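Structure record follows, encoded as structure tokens.
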Amino acid sequence: MDLFILGAGELFTPANIGWLLAGVFIGLIAGATPGISGTMMVAILLPLTFGLGPLTALVLMTAIYATAVFSGSITAILFRTPGAPEAAATVFDGYEMTKQGKPHEALGHAMFASFLGGTFGAIVFMLAAPQLARVALKFGSPEIFALILFTMVAVASIGGGNMLKGLLCAFFGLFLATVGMDVITGTYRYTFGVPILAAGVSFIPAILGLFAVSEALRMVQGAVSETRAIKKVKTVLPRLGMMKRLLPTYLRSAPLGVFIGALPGVGATTASFVSYATAVRFSKEPEKFGTGIPEGIAAPETANNTAAMGAMVPMLSLGIPGSATTAVMLAAIILHGLRPGPFLFIREPGFVGAIMLTAIIANILIIAVSPMFIRFFTRVFRLPIGVLGTVILMLCVVGGFAMRNNIADVWMVFLFGIVGYVLERHKFPLAPVIIGLVLGQLFEQEFRRSLILAHGNPMTFFTRPIAASIIAISLLTLLVPLFRALRRRLSISKAK
Amino acid sequence: MKRFFQNLAGRGELIIPLSFILASAYLFYLAFEFRGAFVMIKQGVGPDFFPKVFTALMMFLGLWLIYNAVKRGGVSEFEKVANPRNLWVTIAFMIAYAYLLEIVGFVVLTPIWIAAYMLAIGMRRWTWLLGATVIFSVFLILVFPTLMLIPLPRGVGIFREISLLVY
């Protein structure tokens, strides 16, 4: 509570409030534009903040960070083009709702879940930052490996009704993640002499290609001069009944997100996928995921915003960034002459409190400001299909190029677009490809790191209770549907 | 030719898994060349382990899918391409854009591409053609290379000179 009062005292100056509002506005635009991520925006603004005081600089960056994670979902839901990688999991159900003529509803779910998640994350950040950071550091490589294994299995099992296709796509994604220089031994794998491949297959061009370009290819086959039908709604926020229905999803995703966010080097993108997978696992109707259900939006959107706040926990309390954006923010803190770590809480409690308060206010402003943004973006949606397809293609080109400033990524966007189109036409789900690619590198690294730390003993995965429990749940998730199918087949053959 | 492509697409249940099997077999073979430092491998697994595991599993699942497809008759259910012309036109325009981007540059290529592409896919209302081309080109050029300082290609020769006038 002291942090809160001291923080309020430092934060509420006209300059800080002005920069906070500017940060919210910039974050919403940056997050919603493919090719401009929150990380990029914070990095670009870093030199500009030298003229500001340390607190004002961090207020601006925190506001951008908190809102950009949410607004990536706007284009993910409307155009199947995630504005930020954290919103990739939102595409699965968000875009399906848009196809059903309910984009307002989908955006409302994303907005409310982001607000809830972000506010929850910021409050946890305020109340238990040092303790959470210490617990997170005890979560080692075997546990992270187990968590990713669980995510892969849970998402592959939804596989559009065909688990085999889902698994094949998941392994395809995991395989793509092995391309490039092996981070443990430095060996080049599948680079075929192409320099850009040494850095691996970037998942941004893959996401844009598989989701957005493939959709543009499908869109332009229809009547290009027509516009899409959208149902009119009075409010974009979910109704009370719906909130009650989604309560278990919020309650599950928020703590999960904040914890994953606090793990160094894991981040909000992973959190959103893990949360989605957990929602699938705990759902009574897992087959409905991917068809446009609110749970499929609420789970990743709650988790990615809580994770973004969670990533600030190790940054401030230990000086270890939890994500790429917090790494830039850490640099800003150091450049402004402050030293992150446990002593920051003792020496500069007002500074820490003000950052935490900024995070809470920015998340509240998501609810206040976003409806205006959503109304604007849904108007864009009323463009003729031909124009919309062109807009999507161009944003994909720029978005793909902007990540590494390399023309090879533009080729990659188009190649993945064609692959995605062909796979989807034959009912091969794209979600497992993306999840495999995004999580693949971490999956491999943590597995191998675990073995190295255990001197090659694979029992390390089964002697640690958390890792063993998660692996057991993963195996059950994989084997139970197969067992059920086998039993059904046996009972049919017996009846015959 | 059209019938050939339709038949080919109808056999997607066989062709896609088969493509996965062939590609995976080749990639599995390539993985034998990946060798890491001996100490690292002794205490864990080498850089070849996961590529081999994933490609082997892709081959296995591909075979399983083919087995299932053959049992069902091999023809997949999928929606027919409503306007195959626009599909091929889009793919051709995408390839042309990626190829020309470094030569012509972003500033010159983008408006020409947008207008030509919309015309090619059947947009005929000139208000949309002109409006979308101008507004969207200005937006892209203003936001990405100018405001965000993303070094989008400037092209070569005269195109580079034109690009330098803008960013």
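Every listed requirement among (1) modelled with pLDDT of 90 or more; (2) over 21 Å from A:Pro321 (Cα atoms); (3) more than 19 Å from the chain's Cα centre (by Cα) is met by A:Lys99 save one, (1).
Here A:Ser272 passes the criteria (1) touching an Asp or Glu at 6+ places or on another chain (Cβ under 9 Å); (2) at the interface with chain B (Cβ under 10 Å from one of its Cβ atoms) except the one numbered (2).
Please verify whether the range B:46-62 includes one or more residues that are farther than 27 Å from A:Phe192 by Cβ, surrounded by 14 or more Cβ atoms within 10 Å (Cβ to Cβ) and either modelled with pLDDT under 95 or not assigned by TED's automatic domain parsing to the domain that holds B:Gly155 (or both). The answer is no; no qualifying residue exists. Restricted to the range A:411-442, and to residues that are within 21 Å of A:Ala467 (Cβ to Cβ) and surrounded by fewer than 23 Cβ atoms within 10 Å (Cβ to Cβ), which residue is farthest from the other protein chains (Cβ to nearest Cβ)? Checked the range A:411-442; the qualifying residue farthest from the other protein chains (Cβ to nearest Cβ) is A:Leu442.
For the range B:66-110, how many residues are part of a loop (DSSP other than H, G, I, E, B) and either in contact with a Pro (Cβ under 8 Å, 6 or more places away or on another chain) or at pLDDT 95 or above (or both)?
In the first step, residues of the range B:66-110 are kept if they are part of a loop (DSSP other than H, G, I, E, B); the result is B:73-83, B:105.
Narrowing further to those that are either in contact with a Pro (Cβ under 8 Å, 6 or more places away or on another chain) or at pLDDT 95 or above (or both): B:105.
Final tally of qualifying residues: 1.
Does at least one position in the range A:474-488 carry a residue that is modelled with pLDDT of 90 or more, under 25 Å from A:Asp182 (Cβ atoms) and in a helix (DSSP H, G or I)? Checked the range A:474-488: no residue is modelled with pLDDT of 90 or more, under 25 Å from A:Asp182 (Cβ atoms) and in a helix (DSSP H, G or I).
Do the conditions hold for A:Leu60, that is, is it part of a helix (DSSP H, G or I) and either in contact (Cβ under 8 Å) with a residue 60 or more places away in the chain or surrounded by fewer than 23 Cβ atoms within 10 Å (Cβ to Cβ) (or both)? So that I can check it myself, show each step before the final result.
On the way: part of a helix (DSSP H, G or I): yes; either in contact (Cβ under 8 Å) with a residue 60 or more places away in the chain or surrounded by fewer than 23 Cβ atoms within 10 Å (Cβ to Cβ) (or both): no.
Judged against the criteria, A:Leu60 is not a match.
A:Phe343 satisfies every condition listed in (1) in contact (Cβ under 8 Å) with a residue 60 or more places away in the chain; (2) surrounded by fewer than 20 Cβ atoms within 10 Å (Cβ to Cβ) except (1).
Checked against the criterion of being of a type in the set (Gly, Ala, Ser), in contact (Cβ under 8 Å) with a residue 40 or more places away in the chain, within 30 Å of A:Pro314 (Cα to Cα) and away from chain B (no Cβ under 14 Å), the candidates A:Ala106, A:Ala122, A:Ala177 yield just one match: A:Ala122. Quick one: how many residues across the range A:258-308 are in contact with a Phe, Trp or Tyr (Cβ under 9 Å, 6 or more places away or on another chain) and without any contact (Cβ under 8 Å) to a residue 12 or more places away in the chain? Within the range A:258-308, residues that are in contact with a Phe, Trp or Tyr (Cβ under 9 Å, 6 or more places away or on another chain) and without any contact (Cβ under 8 Å) to a residue 12 or more places away in the chain number 0. For the range B:111-167, a tally of residues being among the polar types (S, T, N, Q) and modelled with pLDDT of 90 or more returns 3. Might you check whether a residue that is closer than 29 Å to A:His104 by Cβ, touching a helix residue (DSSP H, G or I) at 6+ places or on another chain (Cβ under 8 Å) and touching a residue at least 40 places away in the same chain (Cβ under 8 Å) occurs anywhere in the range A:316-324? No: zero hits.
The values are calculated or read from the model by the stated rules, or taken from the named source; none is laboratory data. None of the values given here were measured: they were computed from a predicted structure. Cβ sites come from the backbone with ideal geometry, for glycine too, and all protein chains shown count toward neighbours.
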